[in-house]
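S.K.: Below is the structure I would like to discuss, written out as structure tokens.
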Amino acid sequence: MKNELICDNLSVNAEGHLCLAGQDTTALAQKYGTPLYLLDEDRIRANCRMYKGAADAAFDGRFRLFYASKAASFKQIYRVMREEEMGVDLVSSGEIFTAKEAGFPLENALFHSNNKTDEDIAFAMDCEVGFFVADNEEELYAIEREAERRDARQKVLLRLTPGIDPHTFAAVTTGKVDSKFGTAIETGQAEQVTKIALSLPHVRLCGYHCHIGSQIFETDALLRAADTMLSFIARMKQTLGLVTEILDLGGGLGVRYTPEDPTIDIPAALAGLGLAMRRTALRLGIDLPVIALEPGRSIVADAGMTLYTVGTRKHIPGYRDYVSVDGGMTDNIRHALYGSRYTLLPADNMTAPRDLVCTVVGRCCESGDILQERVKLPSGIRRGDLLACLTTGAYHYSMASNYNRLPRPAVVMLAGGDSRVAVRRETPEDLTRLDV
Ligand code: LLP
């Protein structure tokens, strides 16, 4: 069996309890209750530093990193990003507001989204968000109108679709021509939108953006996207005399959810990307722009874990065994939405033989509320035992819902041997707060 402790911040202590960042998950569950999101802050910081070192080496110091905060967005995360001197990628007025409340310096932020409302655009300008990533022509005009009203000049990147399919899950593929995101190179619209941007007096076109998808293991797809973008940049230099300052290649590098998933060596991947891009730039006769990256998942995913308490067990002779937990699709929609694989472990009993094969389900009124199938657990597992779902730092808390009026779990951060609440658990009063 491959090592189920898929990240080196996981261990098992003398009592047979699973530990995250050296802290006993059984003790944490007792202290904070379940379901509970844990986030290893030291790991998040280490991931930021790893990216920085890797990008610095790969792009000769000419890089910018923007943490894609849709992966996990709450005030403490933005404080950590500020301390780590990371930029952030924000996709809504809500994320902008949260970052601002956390005191994040918004000049070091990008504002994404394929459909920014006029109110979003005005709010982002009020907050002095550094860069807007304009998705399309219509949005460019809306940015121009608002900037003109303020007599300002807004820095903008244009989001393009390079027409690359990274062969990841369809719902998270974004770089194909047929996409709700961005403006296509292939159709000639990218060139057209570039000309428009250059003609708008209150827009300062700083460069281009693309993001081909998420949970990518084929780093070759990134190389092809970079190549297509550089060729386009060279063409814009030739035809329009445009010197592109920034090329943002988005995020998307995959992480391990199960022992079967491959490991991506991010420094090696970025080094390969840097080398290939320098060669391409040389061949095309352009200077390599500053390279921006927007990692989300690969910054926070392996820092996270969700703890659940086991409830009902059900054996259906000739069919299967169900083990239910006190959370489910409200705190983890990813299996229901994408069929995502996870590693689930009996956190308070790691040494017992795993002789039960079961389906772990949540407590929502919906048959699709499944966390994982074919999970191996000790056959003695029963009500009150603790279950851990690994790698839940990205797209879990941020995609959580109150379906069935279930309160969202607390987020507890672990740092330097201590733990503290970063987002408190919702109460019944929180659930009715907006009801009139
Ligand atoms: N930049 C842009 C423009 C993006 O759309 C995304 C993710 C990222 C960066 C960050 O990608 P990452 O490094 O996290 O792969 N909810 C899905 C993932 C959706 C990703 C959306 N965009 C999931 O749970 O797998």
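The values are calculated or read from the model by the stated rules, or taken from the named source; none is laboratory data. The structure displayed is predicted, hence computed values, not measured ones. With ideal geometry, Cβ positions are generated from the backbone for all residues, glycine too; neighbour counts draw on all protein chains shown.
S.K.: Is it true that some residue in segment 287-300 is among the hydrophobic types (A, V, I, L, M, F, W, C), in the same structural domain as ASP89 (by TED's automatic domain parsing) and more than 16 Å from the ligand (Cβ to nearest atom)?
M.R.: yes
S.K.: Give me the residue from segment 278-332 that is at positive phi and more than 25 Å from the chain's Cα centre (by Cα) and, out of that set, surrounded by the fewest Cβ atoms within 10 Å (Cβ to Cβ).
M.R.: GLY318
S.K.: Return the pair list, or none, for Cβ contacts closer than 7 Å from residues in segment 392-408 that are away from the ligand (no atom under 11 Å from the Cβ) to residues that are acidic (Asp, Glu), at least 6 apart or on different chains.
M.R.: Matching pairs, first to second residue: ALA400/ASP331; PRO407/GLU426; PRO407/ASP430; ARG408/ASP331; ARG408/GLU426.
S.K.: On to the next question. Kindly check whether there is at least one residue in segment 210-227 that is part of a helix (DSSP H, G or I), over 25 Å from ALA268 (Cβ atoms) and away from the ligand (no atom under 12 Å from the Cβ).
M.R.: There is no residue in segment 210-227 that is part of a helix (DSSP H, G or I), over 25 Å from ALA268 (Cβ atoms) and away from the ligand (no atom under 12 Å from the Cβ).
S.K.: Specify the residue that is surrounded by the most Cβ atoms within 10 Å (Cβ to Cβ); the eligible residues are those in segment 90-119 that are touching a strand residue (DSSP E or B) at 6+ places or on another chain (Cβ under 7 Å) and not small (Gly, Ala, Ser).
M.R.: By that ranking, first place goes to LEU90.
S.K.: Just to be sure I understand, how many residues within segment 352-371 are assigned to a strand (DSSP E or B) and buried (at least 21 other Cβ atoms within 10 Å of the Cβ)?
M.R.: Going residue by residue through segment 352-371, those that are assigned to a strand (DSSP E or B) are 356-361, 370-371.
Within this subset, residues satisfying the condition of being buried (at least 21 other Cβ atoms within 10 Å of the Cβ) are 358, 360-361, 371.
Here the count works out to 4.
S.K.: Pick from ALA72, ALA58, ALA68, ALA122: which is within 16 Å of the ligand (Cβ to nearest atom), closer than 30 Å to ALA184 by Cβ and either aliphatic (A, V, I, L, M) or surrounded by fewer than 16 Cβ atoms within 10 Å (Cβ to Cβ) (or both)?
M.R.: Just a single option satisfies the conditions, and that option is ALA68.
S.K.: Further question on the same structure: From (1) assigned to a loop (DSSP other than H, G, I, E, B); (2) touching a Ser or Thr at 6+ places or on another chain (Cβ under 7 Å); (3) buried (at least 18 other Cβ atoms within 10 Å of the Cβ), pick out the condition that doesn't hold for ASN349.
M.R.: (2)
S.K.: Would you be able to say whether some residue in segment 271-279 is of a type in the set (D, E, K, R), assigned by TED's automatic domain parsing to the domain that holds HIS112 and outside any helix (DSSP H, G or I)?
M.R.: Scanning segment 271-279, I find no residue that is of a type in the set (D, E, K, R), assigned by TED's automatic domain parsing to the domain that holds HIS112 and outside any helix (DSSP H, G or I), so the answer is no.
S.K.: With segment 1-68 as the region, which strands (runs of 3 or more DSSP E) entirely inside it contain at least 3 residues that are closer than 30 Å to LEU90 by Cβ?
M.R.: 36-40, 63-68
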